[in-house]
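Every number here is computed from the coordinates shown, using simple stated rules; none is lab data. In this text, all values refer to a predicted model and were calculated from it rather than measured experimentally. Virtual Cβ from ideal backbone geometry, glycine too; neighbours counted across all protein chains shown.
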Amino acid sequence: MTDTLDGEYRTGQIKLHDAAGFEGMRKAGRLGAECLDMLAPYVVPGVLTEKLDDLAREFILDHGALPACLGYRGYTKTVCISPNHIVCHGIPGERVLREGDIVNIDVTVIVDGWHGDTSRMYGVGAVAPRAKRLVDVTYEALQRGLDAVKPGARTGDIGHAIQTYVESMRCSVVRDFCGHGLGRVFHDAPNILHFGQKGTGELLKPGMFFTIEPMVNLGKHPVKLLADGWTAVTRDKSLSAQCEHSCGVTETGIEVFTLSPTGQFKPPITVA
Ligand code: MF3
Ligand code: CO
Ligand code: CO
């Protein structure tokens, strides 16, 4: 049975959205991307991670939007900032970014009730060649995941495309965190695993909205959670990278909602 909720239709528990939903996600996704664009010039050696969080929060509020992470399950910041061996959910604070760091900044904005969730990698000054290579592999992994999205494909096709590529590059895919449905809800069905088998998982249908956000490690995939209850790090202390887009399944393929309007989704990285 299909129930109708204000332009939202569900098959099982996965919502299918109409044109108004796409329009809402376009606005939210664009603002999330613009927030990460805005931060780029501030991601330099010596910057306090807390300062980047303040800039993001002011930007979001100035644009009439809300920071989705602030107060989410007790999280007290606007963005997550995850340098080096931090896999995800690093908490902005007194940490200062240093020359050679690679760092993920993850933002989620709410615009007119719709969630735009996106993250990207920045290099702080000049970085080691292997760090740059990891970032390149991570962006290519996300792209291969996005390329697998079309009606009739399955969520496992996304994971398979990402995993086979990442492992062919002698890196590993984190298992403990996944992409997720989103829309008016921040974290919704379906889960989008970044590893898996072709032809398995949920069938993709026009109107589904979800993120793809692979975390890729230079070493092995296991992670551990720090005592703060949020910060996830690689168990072997190897470098980790992540990038994230929010997207929708269209009649013919995919629409990516969180592209940078000025083409800055992949910030240039200088190699030492
Ligand atoms: N933006 C993250 C994601 O990609 C979620 C962060 S939740 C927070 O799903 F509370 F840590 F901010
Ligand atoms: Co997400
Ligand atoms: Co995110």
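Summary table below
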quantity: Single residue of the stretch 203-228 satisfying the filter (more than 23 Å from Trp114 (Cα to Cα) and in contact (Cβ under 8 Å) with a residue 60 or more places away in the chain) that is nearest to the chain's Cα centre (by Cα); calculated: Met215
quantity: Breaking point among (1) over 24 Å from Arg130 (Cβ atoms); (2) hydroxyl-bearing (Ser, Thr, Tyr); (3) within 13 Å of ligand 1 (Cβ to nearest atom), for Thr262; calculated: (3)
quantity: Leading residue by the ranking (nearest to Leu48 (Cα to Cα)) among those in the stretch 119-141 that are within 16 Å of ligand 1 (Cβ to nearest atom) and of a type in the set (A, V, I, L, M, F, W, C); calculated: Met121
quantity: Lone qualifier among Gly116, Gly145, Gly90 - being surrounded by 22 or more Cβ atoms within 10 Å (Cβ to Cβ), within 16 Å of ligand 1 (Cβ to nearest atom) and part of a loop (DSSP other than H, G, I, E, B); calculated: Gly90
quantity: Members of the stretch 203-222 found to be more than 19 Å from Met25 (Cβ to Cβ) and more than 16 Å from ligand 3 (Cβ to nearest atom), listed by number; calculated: Leu203, Asn217, Leu218, Gly219, Lys220, His221, Pro222
quantity: Within the stretch 165-190, tally of residues that are of a type outside the set (D, E, K, R) and either touching a residue at least 60 places away in the same chain (Cβ under 8 Å) or within 12 Å of ligand 1 (Cβ to nearest atom) (or both); calculated: 13
quantity: Yes/no for His194 being without any contact (Cβ under 8 Å) to a residue 60 or more places away in the chain, buried (at least 19 other Cβ atoms within 10 Å of the Cβ) and within 16 Å of ligand 3 (Cβ to nearest atom); calculated: yes
quantity: Residue in the stretch 32-45 that is away from ligand 3 (no atom under 16 Å from the Cβ), over 14 Å from the mean Cα position of the chain (by Cα) and closer than 17 Å to Cys247 by Cα present; calculated: no
quantity: Selection status of Glu34, closer than 30 Å to Ala131 by Cα, in contact (Cβ under 8 Å) with a residue 60 or more places away in the chain and part of a helix (DSSP H, G or I); calculated: yes
quantity: Within the stretch 154-184, considering residues that are of a type in the set (Gly, Ala, Ser) and in a strand (DSSP E or B), the one surrounded by the fewest Cβ atoms within 10 Å (Cβ to Cβ); calculated: Gly181
quantity: Residue in the stretch 187-202 that is under 20 Å from Gly21 (Cβ atoms), of a type outside the set (Val, Ile, Thr) and in a loop (DSSP other than H, G, I, E, B) present; calculated: yes
quantity: Neighbours by Cβ (under 7 Å, 6+ apart or cross-chain): first from the stretch 112-124, touching a residue at least 24 places away in the same chain (Cβ under 8 Å); second away from ligand 1 (no atom under 14 Å from the Cβ) and of a type in the set (Asp, Glu); calculated: Val124/Glu99; Val124/Asp101
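Rundown of residues vs (1) touching a Gly at 6+ places or on another chain (Cβ under 9 Å); (2) more than 15 Å from ligand 2 (Cβ to nearest atom), yes/no style:
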residue: Asp188; (1), (2): yes, no
residue: Phe195; (1), (2): yes, yes
residue: Gly201; (1), (2): yes, yes
residue: Gly207; (1), (2): yes, yes
residue: Met215; (1), (2): no, no
residue: Ala227; (1), (2): no, yes
